[in-house]
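The values are calculated or read from the model by the stated rules, or taken from the named source; none is laboratory data. Bear in mind that the values here come from a model prediction, so they are computed numbers and not experimental data. Glycine also receives a Cβ, built like all others from the backbone with ideal geometry; neighbour counts cover every protein chain displayed.
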């Protein structure tokens, strides 16, 4: 007769998971998510990315609408920047494909097992998701600019914040993209330990900080740049090469080059 306190296989695995250091548990949760993302079909990644690009544009609308109704005062931006959280809540809670989340999620499996196959899979994932996000942002910006679905006074607020974003120099988009990429990667790292209201709260706090700091998030920022482009105020070249690509490089450096590398260094002895 077996010992009454013997554990079956599943129970032993649960005990092992419980005994692991918290950081390695988080690492493992994100690594598994990354493996899943790398195995998804191109069609699933594409359409999830397009929807995410459209949905993230509600961040631009939220901030623009609040800007339109706020008085001319120094404290007004403290309130209007809360509107920026809207799109991120939809995309992250809706589990859509946002490029900046993927600066850490598929990278952790690569750090653990750096093979040519994984490099190619990450390149495929990044390429599909980024282009899908841009396609979604382009569609959203076109509708915002010429769809006549937004009252003129509210559209003025959207144009105001979009012009402000477009005024940043190429280097500013790059340098401001680094902390934005770091914060989104930190958000992805924290979320596996959060549930319910805590998950929502951490998304609001970190995305609000991106808006308040006037940082450059390549996907949300692309919608702003496309809006200004569709109003004929900047060229396609300026939109892509002076705005989107520098912000992309900054986000990747902040998310992958800094946050993902540092978190792996933190847990590599424990995994």
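Summary table
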read-out	value
Test result for residue 59, crowded, with 22+ Cβ neighbours inside 10 Å and either more than 30 Å from residue 117 (Cβ to Cβ) or over 16 Å from the mean Cα position of the chain (by Cα) (or both)	yes
Hey, residue 218 in contact with a helix residue (DSSP H, G or I) (Cβ under 9 Å, 6 or more places away or on another chain), surrounded by 24 or more Cβ atoms within 10 Å (Cβ to Cβ), farther than 30 Å from residue 37 by Cα and modelled with pLDDT of 95 or more or not	no
Every pair of residues 6+ apart whose Cβ atoms lie under 8 Å, when the first sits in the range 134-151 and is free of Cβ contacts under 8 Å to residues at least 24 places away in the same chain while the second is exposed (fewer than 15 other Cβ atoms within 10 Å of the Cβ) and assigned to a loop (DSSP other than H, G, I, E, B)	143/149
Candidate set from the range 193-208 (those that are under 17 Å from residue 80 (Cβ atoms) and buried (at least 17 other Cβ atoms within 10 Å of the Cβ)); member that is nearest to the chain's Cα centre (by Cα)	207
Residue 205 without any contact (Cβ under 8 Å) to a residue 24 or more places away in the chain and either within 23 Å of residue 58 (Cα to Cα) or not in a helix (DSSP H, G or I) (or both)	yes
Of the criteria (1) modelled with pLDDT under 95; (2) closer than 24 Å to residue 96 by Cβ; (3) not in a helix (DSSP H, G or I), which one residue 260 fails	(3)
Any chance residue 45 is in contact with a helix residue (DSSP H, G or I) (Cβ under 9 Å, 6 or more places away or on another chain) and at pLDDT 95 or above	yes
Among the candidates 190, 210, 184, 161, residue that is at pLDDT below 95 and in a helix (DSSP H, G or I)	190
Flag for residue 119 being in contact with a helix residue (DSSP H, G or I) (Cβ under 6 Å, 6 or more places away or on another chain) and part of a helix (DSSP H, G or I)	no
Members of the range 226-237 that are touching a residue at least 24 places away in the same chain (Cβ under 8 Å) and either over 20 Å from residue 51 (Cβ atoms) or outside any helix (DSSP H, G or I) (or both)	228, 229, 230, 231, 233, 234
Qualifying residue in the range 170-179 (condition: farther than 23 Å from residue 47 by Cβ, more than 20 Å from the chain's Cα centre (by Cα) and modelled with pLDDT of 95 or more)	yes
